[in-house]
Amino acid sequence: MGTAEWRDARRVRSRRAENDREDNIFNGGTRLESTRIDGVPVLRLSAWPANVANPPHSFALALADSTGSGSAPDPAENDWPDEDFGDDDEQEERRNLRPDFKRDFAEYSEGSTDWEPAGATTPLPLKLEWRQTAESRWQFDFQLEPDARCFALGERQSGLNLRSAVHTLFNTDDDKHIESIDSMYISIPFLIVWHRGQCSALFLDSPARQKWDLDAELTGNGRIELLSRRGWQLYMLGPGRLPDMVSAFTKVTGRSPLPPLWALGHQQSRWSYPDQDTVIRIASEFRSRQIPCDTIVLDIDYMEDYRVFTYSKERFPEFKQLISDLGNNDFKVVVIVDPGVKKDVKYQVFKDGKKHGLFCTTSDGKPFVGEVWPGASVLPDFVKPETRTWWAAQHGFYTDLGVAGIWTDMNEPSLFQNQRPLDKDAKELPPDNRQLFMQQAPEGPVGHFEVRNVYGLQMSRATYDGLLALRPRERPFVLTRSAYAGIQRYAAVWLGDNRSWWEQLARSIPMLLNMGLSGVPFCGVDIGGFYEDCSAELLVRWYALGIFYPFFRNHCSRLSCSQEPWAFSPVAEGHCKALIEWRYRLLPYIQQLFFEHARTGAPLMRPMAWHYPDDEFAVEIDDQFLFGEDILVAPIVQRGRTTRSVYLPEGRWHSLDGKQSFEGGRLHKMRFGLGQVPALVRDGAILPLADVMQTTRELAKSPITFHCYGDSGRGYFYEDDGISFEYLDGDFNQWRVSVENGTFRAQPMSLGFERPERKYQLLYKGKSQPVQLII
Ligand code: MIG
């Protein structure tokens, strides 16, 4: 063994000494401003190196360079009428209630927030100090109280508390979803620090690589290291409560518009349903077995040679007919679109993009070529506005065929030979022209690593804007794998290539909770697991949790065994069916939760601490969660188990059927059989439940049961057309329903939507009775 290897073997991990402060070489410009967003004090620090002309808000590409083009407006929560409705006489006047939500969409709070200059001596939260320690290296040091917890940061392979680890934010396609994974597909540089129920938060707005050391050495010190030659903006939020942090952050980065109703139903996918006969067979299995499903998803094999904006004439000879036949059977079709464009001079998409200079380039200005599914491929440069406009327009190919939604994948971007283009331990960036390829930002040419983390965001944005321009009266559905802060404005996300392992089922809870706290409500993981073979029991248990994933899709890889709900046994199928039916029964509640998100930024899946901040026991929990305020979900995530302990916070809790109730404030041992929904309902809640249906289209006519849990209760019922943006003009109905002293009341908060006829009933103390909603 040579000396070199011997030294390698003994290498000690480079450690950060407590006082390893490097010299500050910064001599550029800074600006410190302050404001309040939804009552939360916010400081914003901007810094830009001397050789960069402009303050960086125009370079924090994710949020700036916005034309506000296609994005849906944000229902302004401040315009919401006072919830406290008066007596019955007043209701008469409110018959034509139509809250006016129209407002310019503030993609970037610049326009809607007044920032005031703040004095240079203003103390920064968490005792934060920053400096530039090399041409492309910045450090931000802060302090964490001994019992502080760290949440959010987007997609992390971690439990809920992110503390005592280093988290790298550099979008990467790495399918080894194990503890030691360095970076995943999504980067959201937003951290919430929780300390005894009070929170502060940091948002470092830069799409370049960031490493967040959250007290990995157990010394109480946190440090962000940013590798960039450009400027950045650091938002510092707080103090405030947990929901305040998410509300303010989503005011800055935007909130999710309401998804189309069909996208909240069950989606069935696999890599791949290879031809039209298979698709027809899968779809008809759902209907003949009466397993609810709204969407069939087509993975890369629908294409000709993996060329985007084509379909295989051989395997899908009647593509348009297929989609319309499926449509007649109430199925929507979603197709995958990758960024890699096959390098082929006869291929129109390549020709066009090349002619107009819309691809990422090498340092000498030629299109950069990498290897992905189509073979040698080029990558659209999505930070360039013209590229987005062009890419958006290409989607006419799909809308003409009747495709309902677009799934954007591989957009880290992923390249077969080069998944880790920047050395994990790099302490500086290579020069711009040696960063894999060059991109053309509105401010000028820039190395890819400077903007890598917004590649997926800008691709999703182009796709969303494309669908909206092509079908202006419909809410677009876009699904993406890679993302940055603000992705919720454009797309749902799923967390990539997980495995059919029990531990990944369990892990999905804290991962999705942190996504929600990072501003992304519409998220999920592949139900059944992507790689490896699923089993009957795992699939059933995965559905039991998955019906509460905001994005609800079964998907697996081409190497895995089938995992459609009927793939295993009739018994397993029966359990899956019963669970999926519950997803559809819960749709009115889910719609209300999405509406709440649009008003307040609240995620659907919430950690216990969201609603019980003073319960020191609850804040530790990440194997159960709250779905909205009223439903507590505690799934079984281990093979062969039928019982688990469930921590119920203060108050009383009821079984979903209302037949049993439990005292809160302590642990309970509970049994959840296969096929049983692992959920409890808060005493005092009224859940609006639909009847079992096969697709979301039936929701409009479904009878609604208001199930009151306990002696009295409160709840909401929301409805709209499920398709258009007219809800932003107040074209929706919403009632606040309550039961007090045994009397049911429904107070209208909005009556802007011409509603179909349906029946309503109250389920109270085990008995049903018809009720009316005043209109
Ligand atoms: O290189 O399109 O995460 O969901 O099925 C793999 C094929 C590319 C990765 C996605 C996965 C999808 C698969 N894709």
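Points worth noting:
- Accessible-area ranking of 561, 556, largest first, probe 1.4 Å: 561, 556
- J(HN,Hα) series, the stretch 735-751, from Karplus relation 6.51 cos²θ - 1.76 cosθ + 1.60, nearest Hz, glycine and proline x: 10, 9, 9, 8, 10, 9, 6, x, 9, 8, 9, 10, 9, x, 9, 8, 9
- Cβ-Cβ FRET estimate between residue 27 and residue 164, R0 fixed at 30 Å, reported to 0.05: 0.30
- Residue 195 exposes around 50 Å² of accessible area when a 1.4 Å probe is run over every protein chain in place.
- Peptide packing for 760-772, 604-616 was compared via the average number of neighbouring C-beta atoms within 10 Å per residue; ordered from the highest value, the list is 604-616, 760-772.
- Label-zone membership for the stretch 680-713, site residue 755, 7 angstrom Cα→C-beta point, backbone N under 16 Å: 687-691, 699-707
- For residue 539, neighbours were defined as the other residues whose beta-carbon sits under 10 Å from its Cβ, and their charges (Lys and Arg +1, Asp and Glu -1) total -2.
- Label zone at residue 376, where the point sits 7 Å out along the Cα-to-Cβ direction: the stretch 314-352 residues whose backbone N lies under 15 Å: 341-347, 350-351
- Applying the criteria of a DSSP loop state and at most 10 other Cβ atoms within 10 Å to the chymotrypsin sites (Phe, Trp or Tyr not before Pro) of the stretch 167-212 yields no site.
- Whole-Hz couplings from phi, Karplus 6.51/-1.76/1.60, listed for the stretch 206-218; x for Gly and Pro: 7, x, 8, 5, 10, 10, 10, 8, 9, 6, 4, 8, 6
- With the simple spin-label model, which puts each label point 7 Å out from Cα in the Cβ direction, the residue 434 to residue 134 separation comes to 1.2 nm.
- Set 659/759; 176/351; 342/427; 669/701; 251/355 screened for pairs whose C-alpha atoms are more than 30 Å apart: 176/351; 342/427; 669/701; 251/355
- Mean Cβ count within 10 Å, highest first, over the residues of peptides 37-48, 747-758: 37-48, 747-758
- Rounded if a/c under 1.5, otherwise prolate or oblate - the stretch 438-502, Cα gyration tensor axes: oblate
- Full-stretch length increase - residue 723, residue 218 - with 0.36 nm per residue and alpha-carbon distance subtracted: 176.8 nm
- 3J(HN,Hα) couplings calculated from phi for the stretch 223-236 with the Karplus curve 6.51 cos²θ - 1.76 cosθ + 1.60 (θ = phi - 60°) are, in sequence order, 8, 9, 10, 10, 9, 6, 9, 9, x, 8, 10, 10, 9, 10 Hz; Gly and Pro show x.
- Protein heavy-atom surface of the stretch 468-581, 1.4 angstrom probe: 54% of the accessible area is carbon and sulfur, with nucleic acids and ligands not counted.
- Partners for residue 320 among aspartates and glutamates (Cα-Cα distance below 12 Å; same-chain residues under 8 apart left out): 400
The values are calculated or read from the model by the stated rules, or taken from the named source; none is laboratory data. Since this is a predicted model, take the numbers as computed values, not measurements. Positions of Cβ are generated from backbone atoms using ideal geometry, with glycine treated the same way; all protein chains shown enter the neighbour counts. Note: areas computed on protein heavy atoms with side chains; ligands, DNA, RNA excluded. Shrake-Rupley method; radii C 1.70, N 1.55, O 1.52, S 1.80 Å.
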